[in-house]
1. Quick one, could you list the DSSP H helices from the chain stretching 24 Å or more along their long axis (Cα atoms) with average Kyte-Doolittle hydropathy of 1.0 or above?
2. For region 7-314, just run the numbers: alpha carbon Rg, then divide by 2.2 N^0.38 Å, N being how many residues it has.
3. What do you get for Rg/Rh over region 116-156 if you use C-alpha atoms and the Kirkwood form of Rh?
4. Once phi is turned into ³J(HN,Hα) by the Karplus curve 6.51 cos²θ - 1.76 cosθ + 1.60 with θ = phi - 60°, what whole-Hz value does each residue of region 260-270 show in order, with x for glycine and proline?
5. Compute the distance in nm between two label points, each set 7 Å from the Cα along the Cα-to-Cβ direction, one at L168 and one at K136.
6. Around L162, with a cut-off of 11 angstrom between Cβ atoms, what is the net charge of the other residues, counting Lys and Arg +1 and Asp and Glu -1?
7. So, with +1 on the Cβ of K and R and -1 on the Cβ of D and E, and no other charges, what is the size of the charge dipole of the chain about its Cα centre, to the nearest 20 debye?
8. Relative contact order for region 7-314: what is it in percent, counting Cα pairs under 8 Å that are at least 6 residues apart?
Amino acid sequence: MPDAIPIVDIRSSTSAVDDPVIATLLNAALSQFGFCYISGHTIATEVTQNLLNSARKFHLLPIAKKKRLKINPYHRGYIESESSQTITSSIESAAQPNRSESFMVMRETLPSDPRFGSQLFGPNQWPDTLIPELKKHCTAYAEAMEKLSLELVQRLGVALGLGPNALLELFNDPTYFLRLIKYPPLNPNDSPAPFGSAPHTDHGFMTLVLQDDTAGLEVLSSNGRWMPVNPVPNTLVLNVADMLSIISNGRWKSTPHRVILGPQPRESTAFFFDPDFDAKINPLVEIRNSDNRSDPIRYGDYILERFGQNYQYRRK
């Protein structure tokens, strides 16, 4: 299929981060689609399976117990179905809330951190007595994904025609969101059919998605057709988000995507890897158009604005 989302084998254990062949493949995929599958990474199967199993246990908890962990002001905890509505700068406002529920984790912020208690810097919430292993498995997965993400940041710098260190200064203290998502089966009586996730672009730098065996993710192609991004064993789905699109001077688009509901429930894990909270984002000087001299965007301001639009708990 000429329009299929490509698989890029990054050969993490054997290839240098400045491998020109991998850089060419990444640039081609992200220039055309803003999406690709990543294979050849070094995330252990045990780590991914432990996470998926723990996430499944969480989603099976009674709703009343999950609500005890409802999302806090620091964007950590349980997000009930239909309590988020995707709005972005590039997609018009969603007409319906998202039909999904999720559990959100960020990097632990210690009380000794001077930022503790402000903005998104606060405590995670864990169902310690109900699923004591969830914290351990989320932490192990997040640590592995952060390592992979920093490798990809270097590879993306090379893919932009620069070098492996071109983007690293944005990630001295990177922000990440680990989101464990469950989509219900489609109710045939629903009209119009709701979205698991309405068409949107992601707000940060890049997203890495671990899918179960159930299809549902779709990406909008350049010809206006929705293309499936079906599960492929032993891969992660990488997509360009708004900040990376700006940094690349629009070479790589932050592509609209959505999740449609089907006859079976679906689970996925999204790892949103973003810059330092105070990072200033603008097109890289080396690839910037001479007439593109807009003021830089502070990442933290941008993400807080988007969350304020998207989540009910932030509008109270």
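1. Helices meeting the span and hydropathy rule in the chain: none at all.
2. Rg over 2.2 N^0.38 Å, computed on Cα atoms: 0.96.
3. With Rg and the Kirkwood Rh in hand, the quotient comes to 1.14.
4. Couplings: 9, 8, x, x, 10, x, 9, 10, 8, 10, 10 Hz.
5. 3.4
6. -2
7. The dipole of the chain has a size of about 940 debye.
8. For region 7-314, the relative contact order is 22 percent.
All of the numbers you see were taken from the coordinates with simple rules; none came from a lab. What you see is a predicted model, and the numbers here were worked out from it, not measured in a lab. In this analysis, Cβ positions are derived from the backbone assuming ideal geometry, glycine residues included, and neighbour counts consider all displayed protein chains.
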